[in-house]
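All remarks here apply to the structure that follows.
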Amino acid sequence: MRKNAQTAHRLRSSAGIWLLLLALTGMTISIGETGLGGAWVIGLVMGIAALKGYLVSGFFMRLRRTRLLWRLLMLGWLIGVVGTVTTVCLTAVK
Amino acid sequence: MAQLGVASVSFKAENPPGDLAIWFFIFAELLVFGVFFIAYAVARSHDVALFDQSQLLLNRTAGGANTVVLITSSYFVVRAVAAIRRGDAQRCSGWLLGAIGLGAVFVVIKLAEFHAKFAAGITLSTNTFFMFYLSLTFFHFMHVVMGMVILTAVAFKARRGGYSAEDYTGVETGASYWHMVDLVWIILFPLVYVVH
């Protein structure tokens, strides 16, 4: 019974996460279509990517309910990779 | 209250879903893609003008469509896991087949993109941007194909009654791999198609 209630709750939140991911993707595509570039665009687009990565890993992969080690590994990857890539791209902005 | 605290702690202290071995594989893959992404950014910083000019030749609509396709297929996989947790193997198989179908859509769109580039005379040796674009997206493409093979095996096993509400580790293992493929594309798309 508890498992069924948990599954129903997960389904509701997963549908919400899916819609949020689609909305964030729409934002990224719209920013791309404007043709704008520069520091704030890089920061915004990669920030959206990091948020989407967090949502997929936390909710779809269900890592937010796991031991600290697993959450740290994933957050470390996300922040490490997206942070480094964004920093490198920002340093190249004239 | 104390009991609630204990329950909360034990709920938090779970291992990730699926076979533990897949998680070592997933993190190894993420590490490789991470190095690739950083190498791309560093190469870009040495010749921003070339990267920005070359990026204009990419089909951003196709890249965006593929992002929507992969995110939706990931959601279908979440539904498949939820179905098997309820013991509904047929529905689990159905959601997995839906995810595989979307994977096939991704493959077709990506192949069309590759074909357009090759038809325009663009190859790995055209310039540094296209060397990264073609190798990164092809490497990811191979992971999509591998994910589709895994999900197909899981879907058929589910259909044959190989999983139940008590035993569904295989479904979660395949699901975790597929989400990883989605996660990598979520970073790859803005980095290669949008940032300039």
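The values are calculated or read from the model by the stated rules, or taken from the named source; none is laboratory data. Since this is a predicted model, take the numbers as computed values, not measurements. When we count neighbours, we look across all protein chains shown, and the Cβ atoms used for this are built from the backbone with ideal geometry, even at glycine. Accessible surface is based on the protein model in full, side chains and every heavy atom, while ligands, DNA and RNA are left aside. Shrake-Rupley method; radii C 1.70, N 1.55, O 1.52, S 1.80 Å.
Numbers below:
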quantity: B:Ala41 surrounded by fewer than 16 Cβ atoms within 10 Å (Cβ to Cβ), part of a helix (DSSP H, G or I), of a type outside the set (Lys, Arg) and touching a residue at least 40 places away in the same chain (Cβ under 8 Å); calculated: no
quantity: Test result for A:Thr91, open to solvent by 50 Å² or more (accessible area, probe 1.4 Å) and more than 9 Å from chain B (Cβ to nearest Cβ); calculated: no
quantity: Condition check for A:Trp77: among the hydrophobic types (A, V, I, L, M, F, W, C), open to solvent by 30 Å² or more (accessible area, probe 1.4 Å) and closer than 25 Å to B:Tyr40 by Cα; calculated: no
quantity: Residue that is nearest to B:Ala62 (Cα to Cα) [pool: residues in the stretch B:110-126 that are polar (S, T, N, Q) and surrounded by fewer than 16 Cβ atoms within 10 Å (Cβ to Cβ)]; calculated: B:Thr123
quantity: Of all residues making up the stretch B:127-140, the number that are open to solvent by 30 Å² or more (accessible area, probe 1.4 Å) and farther than 13 Å from B:Phe114 by Cα; calculated: 2
quantity: Any hit, the stretch A:60-75, residues being within 7 Å of chain B (Cβ to nearest Cβ) and over 30 Å from B:Gly87 (Cβ atoms); calculated: yes
quantity: Per-region count, the stretch B:55-99, residues in contact (Cβ under 8 Å) with a residue 60 or more places away in the chain and more than 23 Å from A:Thr25 (Cβ to Cβ); calculated: 8
quantity: Residues within the stretch A:25-54 that are at the interface with chain B (Cβ under 9 Å from one of its Cβ atoms), hydrophobic (A, V, I, L, M, F, W, C) and in contact (Cβ under 8 Å) with a residue 12 or more places away in the chain, tallied; calculated: 7
quantity: Residue among A:Thr7, A:Thr28, A:Thr84 that is surrounded by 13 or more Cβ atoms within 10 Å (Cβ to Cβ) and modelled with pLDDT under 95; calculated: A:Thr7
quantity: Residue in the stretch A:31-62 that is surrounded by the fewest Cβ atoms within 10 Å (Cβ to Cβ), counting only those that are over 10 Å from the mean Cα position of the chain (by Cα) and among the small types (Gly, Ala, Ser); calculated: A:Gly35
quantity: Subset of the stretch B:100-125 that is β-branched (Val, Ile, Thr) and in contact (Cβ under 8 Å) with a residue 24 or more places away in the chain - its residue that is farthest from B:Asp167 (Cα to Cα); calculated: B:Ile122
quantity: Qualifying residue in the stretch B:157-175 (condition: hydroxyl-bearing (Ser, Thr, Tyr), farther than 22 Å from A:Lys52 by Cα, in contact with a helix residue (DSSP H, G or I) (Cβ under 9 Å, 6 or more places away or on another chain) and within 13 Å of chain A (Cβ to nearest Cβ)); calculated: yes
quantity: Within the stretch B:13-34, tally of residues that are open to solvent by 70 Å² or more (accessible area, probe 1.4 Å), within 18 Å of the chain's Cα centre (by Cα) and facing chain A (nearest Cβ under 9 Å); calculated: 1
